[in-house]
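Heads up, the thing below is written out as structure tokens.
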Amino acid sequence: MRTLAMLLAVAAGTALAQHGLHSTCVLVPDAQNGFHGVSGTIDFLQKTETDPVHVTGMVYGLTEGKHGFHIHTAGVTGADCSSTGGHFNPDGFTHGAPTSEFRHVGDLGNIDAYLNGTAFVDIMDTIISLHDVERNITGRALVVHAFEDDLGLGGDEGSLATGNAGARVACCTISQRGF
Ligand code: CU
Ligand code: ZN
């Protein structure tokens with residue numbers, strides 16, 4: 001009986017390792033600050049601690065073109081995206097591109113909306129994590145901005161802080177999902 005319990009525990013552990021971790025976020029417009037109409041669901045999947053996080057989903061209701069797409073430090077309170085703090089930055093670096101050697105952990109770059117306002121999101125990122133303690137994004141916020149993130153190349157102070165991506169049009173708290 002004891003052996004069976006042990007075998008089941010091992011099997012469960014193996015299943016968890018195979019499927020990895022899954023977090024999800026359902027975007028809500030920042031009505032508190034006058035934004036309406038943006039919606040979407042984003043999923044975050046990571047097999048093991050050493051695998052990249054696969055970020056997928058759709059965002060609707062955007063203006064055509066690029067929009068800054070970041071993980072901010074805190075979860076959303078009161079449907080107010082300003083409650084999420086700044087970009088998630090446990091390393092204390094300046095703002096950058098997803099591919100920059102030095103960047104905020106939360107710097108996922110831009111999403112790009114078609115004329116109809118829909119953006120398809122499909123990002124592989126090796127810096128954010130669902131497993132790691134330091135870089136874990138679960139419980140933090142995903143924020144979509146009004147403007148394009150200049151990826152730290154704007155040549156001014158704002159660029160190295162936020163990428164000059166402007167207002168926060170929609171956000172959500174990233175929460176863990178079971179399978
Ligand atoms: Cu942001
Ligand atoms: Zn940043």
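Using Cα atoms only, what is the angle between the long axis of helix 2-19 and the major principal axis of the chain, expressed in degrees (0 to 90) to the nearest 10?
So the inclination is approximately 20 degrees.
Name every cysteine in the chain that ends up alone, with no second cysteine's Cβ under 4.7 Å, or say none.
Here no cysteine comes out as lacking a disulfide-compatible partner, given the Cβ-Cβ threshold of under 4.7 Å.
Given C-alpha coordinates of the chain, what is the ratio Rg to Rh with the Kirkwood estimate of Rh?
Numbers: Rg = 17.5 Å, Rh = 16.8 Å.
We get a ratio of 1.04 for the chain.
Using θ = phi - 60° and the Karplus relation 6.51 cos²θ - 1.76 cosθ + 1.60, list the HN-Hα couplings for the range 152-166 in order, rounded to whole Hz, with x at every Gly or Pro.
x, 9, x, x, 9, 5, x, 4, 7, 9, 9, x, 6, 7, x
Among 139, 163, 34, which one shows the highest mean-square fluctuation when the chain is modelled as a Gaussian network with alpha-carbon springs under 10 Å?
Judging by the Gaussian network model, the answer is 34.
With unit charges on the beta carbons (Lys and Arg positive, Asp and Glu negative) and the dipole taken about the Cα centre of the range 20-177, which residue among 62, 104, 124 sits farthest to the positive side?
62
Can you pull out the chymotrypsin sites (Phe, Trp or Tyr not before Pro) in the range 100-136 whose DSSP state is coil and whose Cβ has at most 16 other Cβ atoms within 10 Å?
Numbers: sites: 102, 114, 120; in loops: 102, 114.
When the chymotrypsin sites (Phe, Trp or Tyr not before Pro) of the range 100-136 are filtered for loop state and at most 16 Cβ neighbours within 10 Å, 102, 114 remain.
For residue 27, list long-range residues whose amide hydrogen, built 1.01 Å from N in the peptide plane, is under 5 Å from its own amide hydrogen.
The list, which skips near neighbours in sequence, is 40, 41, 42.
As an exercise, identify the GluC sites (Glu not before Pro) in the range 109-164 lying in DSSP coil whose Cβ has no more than 11 other Cβ atoms within 10 Å. Before the final figure, lay out each step's value.
Working: sites: 134, 148, 157; in loops: 134, 148.
Those satisfying the criteria are 134.
A short reminder: the numbers here are calculations on the coordinates, not readings from a lab. Keep in mind that this is a model prediction, so the values were computed, not measured. A quick note on method: Cβ atoms are made from the backbone with ideal geometry, for glycine too, and the neighbour counts reach across all protein chains shown.
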